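Every number here is computed from the coordinates shown, using simple stated rules; none is lab data. Please read all numbers here as calculations on a predicted model, not as lab measurements. Cβ placement follows ideal geometry from the backbone for every residue including glycine, while neighbour counts extend to all protein chains displayed.
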Amino acid sequence: MKNVIQKAAAVLTALATVAITQQAGAIGVTFNFRVNSSGPSIYPCNAGLLTPNDNPKVCYIAGTTTRCTPTCVGDTCTPQPPPPPPPALFGMSLAGAPPPPPPTNPPENSCVCTTTQGDSYANYFDASYHNWDETGDPTMQVASGIDSFNKLFNEPTAYGKTLQNLTINLGNELYNAQYFVDICYRAPQIDYRGIDTSWDLYGKVSVTDFGYQNGSSGYKTLSDLHAKAYVICDLQKDTCPTCNDADPVTDTSAAIFNEGTDFLKATGSGAARYDFSYQTGAITSLPSSLTEVFNIQDAFKNLGKSAPRFCKVRYVFSENNGLSDQTAILRKWQKHGAQVCTYSQIEATGITPHLMSHK
């Protein structure tokens, strides 16, 4: 019996030794890591309309493209002297002769002229919108600014709005209005300051006529419509104060255009604010298929290791046929216009992380 007990004790001692050995050789690790997720957002956010206050005075025979000179000024006309008696022929009066043929030109009272202000107050736009990242559909009508743009929203506010519908309504006498639409861009809230990134920006527009056609000429030709694009961005700089969780990205200091007509002017009242800017020349041919108006490859390569935070793209459309008294034509009464389409893209096209050693 004693021998059995001794053997059993020896076995238990061996098992305990194995268990201790296994525990002493065990190893484990717990590792936590974090995922930051934030995607970009791009959306139409603002619109504006301008009409000149002083307009060229142009006069046409009613219903024609023939210029004329009125004998009336405003609502005051100078009476015309009576016609001279018919001339005598061989000493004989032609009073009894048949009347002369009517003049080839219509009478003076069919000479139609623009007014000095050119019905500057007949233009407005209608827009519906909601707060960015929310729903709703309030509608607002905005009268045209006179010699300056009246806008749906002021510059900083626009980042927080999303347009749903926009209709420009032009009822003034001449083709001389300007109007724009803004596209706002919020970049991902990811910190790119320690790496090299590459970003491409490009935009396209198309303009498709509808309604009245004067021969083969629709609204684009009648108005001599031109387009121009402006791009501004602010960037993640080394001192970026809004690239961390304690102070997330906001639009309070985002890139904005100048409140006046010189959109990129960075001084004075309502000054523009941006780190990067770009503008195109006037695009005078606007086909009905989307056509490139700007294409900026590696847009921020000369600005250090920069990625965008906020950007705005402004597409400005200008009627030009009513700006000069030599070329101005009257806006046609028959309803006509165009469907305007813009396409904007801001995309990351490369990323180069840097290996950082720690000793």
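Please give me the summed charge of the neighbours of Thr284: other residues whose Cβ is under 15 Å from its Cβ, Lys and Arg +1, Asp and Glu -1.
-1
Just to confirm my numbers, what's the Cα centroid distance between the range 143-176 and the range 207-235 in Å?
16 Å
On full extension of the chain, what length is gained from Ala62 through Phe33, given 0.36 nm per residue of separation minus the C-alpha to C-alpha distance?
Going from the current span to full extension adds 2.7 nm.
Please find the FRET efficiency linking Thr116 to Ile296, where r is the Cβ-Cβ separation and R0 is fixed at 45 Å, and quote it to the nearest 0.05.
0.60
With a sphere of radius 13 Å drawn around the Cβ of Thr327, what net charge do the other residues whose Cβ falls strictly inside it have (Lys, Arg +1; Asp, Glu -1)?
-2
When the Kirkwood radius is taken over all Cα pairs of the range 277-359, what Stokes-Einstein diffusion coefficient follows at 20 °C and 1.002 mPa s, in µm²/s?
Once the numbers are plugged in, D ends up at 121 µm²/s.
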